[in-house]
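*Asks:* The structure under discussion is supplied below as structure tokens; questions concerning it will follow.
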Amino acid sequence: MRLIKYKNLNNYKFYLEFENQISGEVNLEKLISKHLSLVELASVNLNKKRGCLEFKDGMVDIEPKTLYKFFKFHELLTRDKYQSTTRIQKAPQQEIRS
């Protein structure tokens, strides 16, 4: 799944949009902080041919598949955290008569 659009929002937080129209905000700190400092994040670029984020003139990149999986995992964690603080009601079950 290729990346088609991005925006660096603040520090390691990015807005990402993929070719399947899935989009949203994600914190990439756990994925890239060992390889890039906050200052180096300014070198971010979208490689349109490969659909990946590149940093430091291509010396560091995040493959689209890795980026998409990390994004979806982050989305799952965020959703689960939100759902655990909200009430989930079950639909009433109907009685089956024969």
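All of the numbers you see were taken from the coordinates with simple rules; none came from a lab. Here the structure is a predicted model, which is why all the values come from computation and not from measurement. A quick note on method: Cβ atoms are made from the backbone with ideal geometry, for glycine too, and the neighbour counts reach across all protein chains shown.
*Asks:* Looking at the stretch 54-75 only, could you name the residues that are among the small types (Gly, Ala, Ser) and either in contact (Cβ under 8 Å) with a residue 60 or more places away in the chain or in contact with a His (Cβ under 8 Å, 6 or more places away or on another chain) (or both)?
*Replies:* none
*Asks:* Let me ask something additional. How many residues does the stretch 32-53 contain that are of a type outside the set (A, V, I, L, M, F, W, C), out of contact with any Lys or Arg (no Cβ under 7 Å at 6 or more places or on another chain) and more than 16 Å from LEU9 (Cα to Cα)?
*Replies:* Within the stretch 32-53, the first condition is being of a type outside the set (A, V, I, L, M, F, W, C), and the residues that meet it are 33-35, 37, 40, 43, 45, 47-51.
The next check asks that each one be out of contact with any Lys or Arg (no Cβ under 7 Å at 6 or more places or on another chain); those that pass are 33-35, 37, 45, 47-50.
Now narrow it down to the ones that are more than 16 Å from LEU9 (Cα to Cα): 34-35, 47-50.
The total comes to 6.
*Asks:* Suppose we filter the stretch 1-19 for residues that are charged (D, E, K, R) and in contact with a Ser or Thr (Cβ under 8 Å, 6 or more places away or on another chain); how many remain?
*Replies:* Residues in the stretch 1-19 being charged (D, E, K, R) and in contact with a Ser or Thr (Cβ under 8 Å, 6 or more places away or on another chain): 2 in total.
*Asks:* Right, another one. For the stretch 28-58, enumerate the residues that are surrounded by fewer than 18 Cβ atoms within 10 Å (Cβ to Cβ) and part of a strand (DSSP E or B).
*Replies:* Scanning the stretch 28-58 gives ASN45, LEU46, ASN47, GLU54.
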